[in-house]
Amino acid sequence: MDEESFSFSPQAGGAGGRFRASSNDTSLDRERERQPGGGEGTPSMNASVTALGPGTAAAAAREENLFANVITEDDLQWIAWLKSPQQNQGHLVENWEGERMVDIKRFIAQLKQLDRHYSGGLSEYVRKARGLLEDLRKGVNPFTGMVPEVPDGERLFVGSDAFCAFENLGLEQLEACAFVIVAGGLGERLGYKGVKVTLPAEMATGRSFLEVFLTTIGEFQRFARRRAHDPALVLPVVVMTSRQTHAQVVATLREHGFFGLSEGQISVLMQEEVAALTDHNGRFATVPGDRWAILTKPHGHGDVHSLLFKAGLPAQWHRQGRRWVVFFQDTNALAVRAIPSVLGVASKHGFAMNTAAVPRKPGEFVGGICKLRKGNTSSGVTVNVEYNVLGTLLSATLDKQGDIPDETGYSPFPGNTNVFALSLKPYCDALNRSSGTIPEFINPKYTDASKSSFKAPTRLECMMQEVPRLFPASCKVGVTQLDRWFCYSVVKNDPLEAAKKQKDGLPPDCPFSGEAAIYNGSARMLRIAAETCGHPCRFAVPAAIGSMEELDSTAVPLPAASAGAGQTHVGDGGTGGVTRGGALAESEGPFAPTNLTFKGVTVSLGPRVVFMPSFATSYEDLLKRVKGALQITSRSFLILEGDVRLEGPLELDGSLVLRASEGHKLVVKRLSVVNRGWEMKEVVEGDVDAAHPAVALRGFHIVKHDQRVIEARDEDKVISE
């Protein structure tokens, strides 16, 4: 059978044209079939017609597939829609004379799919895009008439009484929580072709970001079960994927046994893409080299809300008596540390939404959270304002200089981390009103200042943190500002871009800096907990990004155990901290910070400390586990897993793994370890793992020369030596 083709002739007053099948097969009119894998009138995206040879199998295949490639009345309506003056998509149906039927059917099938998956359909998509593009061309400011104010909320410092109180209150909320992880992104900006959440967060243990997130939720679940006296209590988890990441995320979950969670408690929702646009008229772009495929691009992580609504999950959680849903993104491994305190502040203040925020440098490529008030009225909304808009908004309303530092050296508008908790009742109400459709924006890259043409096709986008725009004015929205070292170190830049940003005085935000943040943040928490309990420490805590130490280039004392919310602490630039155990870092010797440079990025490191979630998921856990003096050289690696109690002096110069299996304790009364340890060593051509993405992106691998491993596997163990 020859492949079918179409001739096209205009039809005045009709559906824009008539197609006539021209085939050498005379039995075309007798063929009838049901489209495999699809409903009637819904052709499969993979439908095709090819030359079939003789034989029963070929005849059966021909019988099954032929009729789906006949143009239907519904198809003709889509052609008319494209050619209509309102839609102005006629460029897509030009020169169809003699084209293959299978290609046309594939094209129309994609149109129908794009129409189904966008709220309001393609007509609404084009209408919105044209309106937003016209606003851009005219220079319309979406915040006209809005006056920015510092958002409501709390500024907390790890180890303070206020921090502990809010964290403990948040831990009480865990049993009523659900969690949503956005994992739709590829690592293209990192120079990585795979899924970002599957990359190692740090190389000492090799844990992926996804493993960090899900094992932490698993520990939250264990805590909630103990507190609720309910061994069957389950904390539901949603992972949002995209077409590019879905298969690999699902495969990773299955390969690793869902990282200790049950398969039934994890829902994986895949977001669809939207049509890319070539110009201000909202005309659809096609895939280069394939005129029969509309080019699509991600719509943004704001789709998570419509996906949740369509799946009915928030309403289900609310009926189950849950009160909170926590959202976080894919490559900030520290995000989970903020969750308890964010929940505590939200619960205490009755916030419908509470976001973890961090100190932010003016001009930094991080959105600032603002309370936007309408003129002289008291009404307004607290939202994230993107960094490329914030400066203009501030210069037009508050200060002609725009985004400038206050007395702390940071912007008064804290940086958004995209870690936030929503109260389920107002969230469900908002979803019911809006179907989860988040206000959109468009951000084309223009060829020149005339803004008349795009460098590349663009599309509508939406962001999950814009959900306050769906809330009524009666809903309170706030922030919980925490030091950056504690909860925020994103991984988004390739080494070259990271080195440029660091040179400009901005965080590099690359795999190396993200890994260093895990080590340094864990060491800092360990030291704060030990000294809060009165135990002397001797190990380096390098100046932290996002604290006053970074600006002053001097060590700042650790917080006093009795410090409250109104007093000063590490990172607030004041003088109210109380020194115990001296400065955070010695200037020389084995206890001084080590400066390492890989791929042009330089990071200052103290001891490489890793808390597995089973060791500590909260500062409260640390206070229970750390009850002795600590002395750790900066070259050392310390891995803590399970119920490990540091009750006596620990001296470490090398690498040490302390591990207790579930249900058992490992108590360290006295321990001194010296060995060759592990080395973060620059990778060179010819190294066995040089091509591994995690190694290539960092520029180093960890060479494990020697280590001491102490485990409590089958019984409790006490170490005193």
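The table that follows gives values for the structure above.
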| read-out | value |
| --- | --- |
| Karplus-derived HN-Hα couplings along the range 129-145 (A = 6.51, B = -1.76, C = 1.60, θ = phi - 60°), whole Hz, x at Gly and Pro | 4, 4, x, 5, 5, 5, 4, 4, 5, 7, x, 5, 8, x, 9, 4, x |
| Distance between modelled label sites at residue 469 and residue 496, nm, 7 Å Cα→Cβ extension | 3.4 |
| Inter-label distance for residue 624 and residue 168, nm, one decimal - labels placed 7 Å from Cα along Cα-to-Cβ | 1.3 |
| The range 434-528: C-alpha gyration tensor shape, a/c 1.5 cut-off, then a/b vs b/c | oblate |
| Distant-in-sequence amide H partners of residue 463 (H built 1.01 Å from N, under 5 Å) | 302 |
| Amide H contacts of residue 286 (H built 1.01 Å from N, under 5 Å, at least 5 apart or other chain) | 295 |
| Out-of-range pairs (alpha-carbon distance over 27 Å; input 425/624; 138/361; 451/599; 374/400; 138/374) | 425/624; 138/361; 451/599 |
| Stretchable slack from residue 452 to residue 88, in nm (0.36 nm times residue separation minus alpha-carbon distance) | 129.3 nm |
| Two-site label geometry, residue 188 and residue 97: point separation in nm, points 7 Å out along Cα→Cβ | 3.8 |
| Cβ charges +1 (Lys, Arg) and -1 (Asp, Glu), total dipole of the range 312-453, debye | 600 |
| Rounded if a/c under 1.5, otherwise prolate or oblate - the range 236-353, Cα gyration tensor axes | prolate |
| Per-selection Rg to Rh, the range 584-721 - Cα, Kirkwood hydrodynamic radius | 1.01 |
| Sites matching trypsin sites (Lys or Arg not before Pro) across the range 362-409 that sit in DSSP coil, with at most 13 neighbouring C-beta atoms within 10 Å | 400 |
| Stretchable slack from residue 389 to residue 227, in nm (0.36 nm times residue separation minus alpha-carbon distance) | 53.8 nm |
| Cross-link partners of residue 501 among aspartates and glutamates (Cα-Cα below 20 Å; sequence separation of 8 or more within a chain) | 188, 364, 386, 403, 509, 515, 549, 550, 552 |
| Stretchable slack from residue 675 to residue 596, in nm (0.36 nm times residue separation minus alpha-carbon distance) | 26.4 nm |
| Order of 279, 714, 74, 509 - criterion: other Cβ atoms within 10 Å of each residue's Cβ, fewest first | 714, 74, 279, 509 |
| Footprinting exposure proxy for 278, 245 (fewest neighbouring C-beta atoms within 10 Å first) | 278, 245 |
| Note, ³J(HN,Hα) from phi for the range 441-458, Karplus 6.51, -1.76, 1.60, rounded to Hz, x at Gly and Pro | 9, 9, 9, x, 9, 8, 6, 7, 5, 5, 6, 9, 8, 9, 5, 8, x, 10 |
| Options 683, 667, 702, ranked by Cα towards positive dipole end of the range 662-717, top entry (Cβ charges) | 667 |
| Shape category assigned to the range 131-492 from the gyration tensor of Cα positions, a/c cut at 1.5 | oblate |
| Karplus-derived 3J(HN,Hα), 6.51/-1.76/1.60, for each residue of the range 502-518, Hz, glycine and proline x | 4, 4, 7, x, 10, x, x, 6, 10, x, 5, 5, x, 5, 4, 5, 5 |
| Computed FRET value (nearest 0.05) for residue 720 with residue 587, which takes r as the C-beta separation and R₀ as 41 Å | 0.75 |
| FRET efficiency estimate (nearest 0.05) - Cβ-Cβ, residue 263 to residue 293, R0 45 angstrom | 0.85 |
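Bear in mind that the values in this text are calculations on the coordinates, not laboratory data. Only a predicted model underlies this, so the values are computations on that prediction, with no experimental measurement involved. With ideal geometry, Cβ positions are generated from the backbone for all residues, glycine too; neighbour counts draw on all protein chains shown.
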